[in-house]
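The values are calculated or read from the model by the stated rules, or taken from the named source; none is laboratory data. None of these values were measured; they are calculated from a predicted model. FYI the Cβ positions are ideal-geometry reconstructions off the backbone, even for glycines, and counts take in every protein chain you see.
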């Protein structure tokens, strides 16, 4: 199978504290991979390693390799700025840029990434991105509204549209629904399943039901280690590791 | 919303229907082979059974997966439990059809005891019940399910009638005992098929109304 | 039982009244000042006050037009230099300022903000007036800039720190460079707050008198150049007020009224921006 990302022996530390221990996994292209585990298992740290979001965190360091397009993102003179255009991210708290309209929020990535674009090209990209994020029908007449005036679920979809506008290959999502109500969560989940036709999606979640609903593959983390990774069906019907079984049956964690 | 989930439920429903169609056809062909004395038809029935067995496994797997990954609730949960139980009944119907072909294997090598009249009638009613029960399942039509359950009595009566009739043959001519017993078994298998169709109807009623009517002699 | 409840309620009410009285005492001076100024300044508050040059003693009429222009000139100069310096230093402290150098800067800025304004005036005098052998707008502006800048630095820093980390992360995750994220996303997000800080600092320097005594000196006529002595409202108010003439006293009141009017307008604008542009 075609892999969008290959992680080999990834370790990570905050100061002296090791938070990831020898993680090795392949992330299949155009699929949804969920990373689940109890709080503090390193799942968020892990996906932030995939687009080098930790670069600015003082005291953070990694060892091991993460291959994207055949190149190790930590050594082969990869510019993290260019990497992040290819590996986008959606955060736990919807974070549309304050003091920017819906339109500007979606256009902002393109506006600042160097290439000059005409107003109409920009409008096309914004429309396309909002459509993909299932937001166009609701907002096509309100593009000048401030992004922060939307509902929580709409804000999160706006953030997804914003990430899609720079045309990434991979979308990392760090608990994208944990700040949303069930209906908004369901819409985001649906959206994730739709987007997986075109994008590789890695979702961190502490909600196993959600992991079951949306994922093709599920990785279970515990105390910084990857305990088990398999298809969602396998993990949720017959996990190989006893600790996975205990976690998903609610016996601990 | 929840489009992907609905698609999975739709696929499951479709598999159950395909399996229902197969076992109905198996029943039909097995009885037809017997009535028209065409031994080559029996192979076809056995071939269909492999497909049915595969679907039996696939449907169970799909149900377990949906339960594990989607956490169905309320109507969806009843639908999936119904699908699982119907799956078992359909597989048993397939087995009964195979049992009929086994009796036919023997019956078609010997001269007929008598022209077959009641057995094809039983088969027709049983197939109709099966078809209606699946219709009721697909459309959530519990009235049709109730109606279908009532037809089971006709099949039971026909079975008794076949038995009594064959008993007279056996008493008058001991040479027909083996063949007559084989025919009694066929009618017994058809009666079982109708029973499974009844079970399916009971599952449909539970699925649509959340009401368990099994083991109660009071039907409205 | 009932008595206890009564006492408790009485104590409750008494403290509330006490606090309210304190709050009232705090704002009372402002209203007294405004009332007094209006009462005494109204007589000279004519159109010519803002259009005419001062007239010599004994000659009726005359205004503080040159002072208004002078104040705007000095404040404008101070801000032209102070805004870029102050805002950029504030950005440095908020976005990059983690090391020892930054703490040193932060400490020094706080110190500078605490320096009495008269000392800054003397500093401007030593730095500009002595070498140039002349009082000037430049000297006045640099003295005021030293009052202006620390306020702007710290408000800019504070305002940028209120921008959530998630906004910066969101921008970085889109593949926007760090410097663009800072300038076009973070600063933009905090721009209303920064502008408010600038306006409040402006209101503060417009009213400063002490530093101008040693730097601007004052001027009875229209200013002729930035390297020349220049008039300013606070200086004119000061001069009129310490004069022995009654009509000059009236002009001092009117000048003070103009000054406080400008400060009020700027402060109100600052509050408006802070509230509306959030």
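Does any residue of the stretch B:130-151 turn out to be surrounded by 20 or more Cβ atoms within 10 Å (Cβ to Cβ) and either closer than 27 Å to residue B:108 by Cα or touching a strand residue (DSSP E or B) at 6+ places or on another chain (Cβ under 6 Å) (or both)? It would help to see each step written out before you state the result.
The first filter runs over the stretch B:130-151 and keeps only residues surrounded by 20 or more Cβ atoms within 10 Å (Cβ to Cβ), leaving B:130, B:132-134, B:136-137, B:145, B:148-149.
Keeping just the survivors that are either closer than 27 Å to residue B:108 by Cα or touching a strand residue (DSSP E or B) at 6+ places or on another chain (Cβ under 6 Å) (or both) gives B:130.
So far as the stretch B:130-151 goes, yes, one or more of its residues are surrounded by 20 or more Cβ atoms within 10 Å (Cβ to Cβ) and either closer than 27 Å to residue B:108 by Cα or touching a strand residue (DSSP E or B) at 6+ places or on another chain (Cβ under 6 Å) (or both).
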Quick one: which residue in C:234, C:229 is touching a strand residue (DSSP E or B) at 6+ places or on another chain (Cβ under 7 Å), touching a residue at least 40 places away in the same chain (Cβ under 8 Å) and away from chain A (no Cβ under 12 Å)? C:229
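Would you mind finding the one in C:201, C:216 that is touching a residue at least 40 places away in the same chain (Cβ under 8 Å) and in contact with a strand residue (DSSP E or B) (Cβ under 7 Å, 6 or more places away or on another chain)? Talk me through it step by step, then tell me what you get.
On the way: C:201 fails: in contact with a strand residue (DSSP E or B) (Cβ under 7 Å, 6 or more places away or on another chain).
Residue meeting the stated conditions: C:216.
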Look through C:63, C:67, C:86, C:90 and report the one residue that is buried (at least 17 other Cβ atoms within 10 Å of the Cβ), part of a loop (DSSP other than H, G, I, E, B), in the same structural domain as residue C:235 (by TED's automatic domain parsing) and touching a helix residue (DSSP H, G or I) at 6+ places or on another chain (Cβ under 7 Å). C:63
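For (1) at pLDDT below 95; (2) away from chain A (no Cβ under 12 Å); (3) not in a helix (DSSP H, G or I), each residue gets a yes or a no:
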| site | (1), (2), (3) |
| --- | --- |
| C:143 | yes, yes, no |
| C:152 | no, yes, no |
| C:163 | yes, no, yes |
| C:166 | yes, no, no |
| C:172 | yes, no, no |
| C:179 | yes, no, no |
| C:183 | yes, no, no |
Which of (1) within 19 Å of residue B:89 (Cβ to Cβ); (2) assigned to a helix (DSSP H, G or I) is the odd one out, the single condition residue B:185 does not satisfy? (1)
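Do we find a residue being over 23 Å from the mean Cα position of the chain (by Cα) and at negative phi anywhere in the stretch C:71-91? Please lay out each step first, then the result.
So in the stretch C:71-91, the residues over 23 Å from the mean Cα position of the chain (by Cα) come out as none.
The answer is no; no qualifying residue exists.
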For the stretch B:7-20, indicate whether the set of residues that are within 14 Å of chain A (Cβ to nearest Cβ), more than 21 Å from the chain's Cα centre (by Cα) and more than 21 Å from residue B:203 (Cβ to Cβ) is non-empty. yes
If we scan the stretch C:226-240, do we find a residue that is under 18 Å from residue C:49 (Cα atoms), crowded, with 21+ Cβ neighbours inside 10 Å and more than 22 Å from the chain's Cα centre (by Cα)? yes
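Taking residue A:228 as the residue in question, decide whether it is closer than 25 Å to residue A:53 by Cα, surrounded by fewer than 21 Cβ atoms within 10 Å (Cβ to Cβ), touching a residue at least 60 places away in the same chain (Cβ under 8 Å) and more than 14 Å from chain B (Cβ to nearest Cβ).
On the way: closer than 25 Å to residue A:53 by Cα: yes; surrounded by fewer than 21 Cβ atoms within 10 Å (Cβ to Cβ): yes; touching a residue at least 60 places away in the same chain (Cβ under 8 Å): no; more than 14 Å from chain B (Cβ to nearest Cβ): yes.
Here the answer is no, as residue A:228 does not meet what is asked.
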Inspect the stretch A:150-159 for any residue being within 24 Å of residue C:189 (Cα to Cα), outside any strand (DSSP E or B) and within 14 Å of chain B (Cβ to nearest Cβ) and give the result as yes or no. yes
Going by what's in this entry, would residue A:196 be described as modelled with pLDDT under 90 and out of contact with any helix residue (DSSP H, G or I) (no Cβ under 6 Å at 6 or more places or on another chain)? no
When the stretch A:68-104 is checked residue by residue, the ones that are buried (at least 22 other Cβ atoms within 10 Å of the Cβ) and over 25 Å from residue A:57 (Cβ atoms) are A:102
Can you find even one residue in the stretch C:113-125 that is at pLDDT 90 or above, exposed (fewer than 15 other Cβ atoms within 10 Å of the Cβ) and under 29 Å from residue A:56 (Cα atoms)? no
The residue from C:134, C:106, C:98 that alone is surrounded by fewer than 22 Cβ atoms within 10 Å (Cβ to Cβ), touching a helix residue (DSSP H, G or I) at 6+ places or on another chain (Cβ under 9 Å) and not in a helix (DSSP H, G or I) is C:134
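Got a sec? Which strands (runs of 3 or more DSSP E) wholly within the stretch A:27-121 have at least 2 residues that are within 21 Å of residue A:159 (Cβ to Cβ) and at the interface with chain C (Cβ under 9 Å from one of its Cβ atoms)? Before you say what the answer is, go through the steps one by one.
Values: elements: A:32-36, A:60-68, A:87-90.
So the answer is A:87-90.
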Based on this model, can you work out whether residue B:158 counts as over 17 Å from residue B:206 (Cα atoms) and more than 21 Å from the chain's Cα centre (by Cα)? no
With (1) assigned to a loop (DSSP other than H, G, I, E, B); (2) buried (at least 22 other Cβ atoms within 10 Å of the Cβ) as the list, and residue C:194 as the residue in question, which single condition is left unmet? (1)
Check whether at least one residue in the stretch A:140-149 is surrounded by 13 or more Cβ atoms within 10 Å (Cβ to Cβ), over 19 Å from the mean Cα position of the chain (by Cα) and within 17 Å of residue A:184 (Cβ to Cβ), and report yes or no. yes
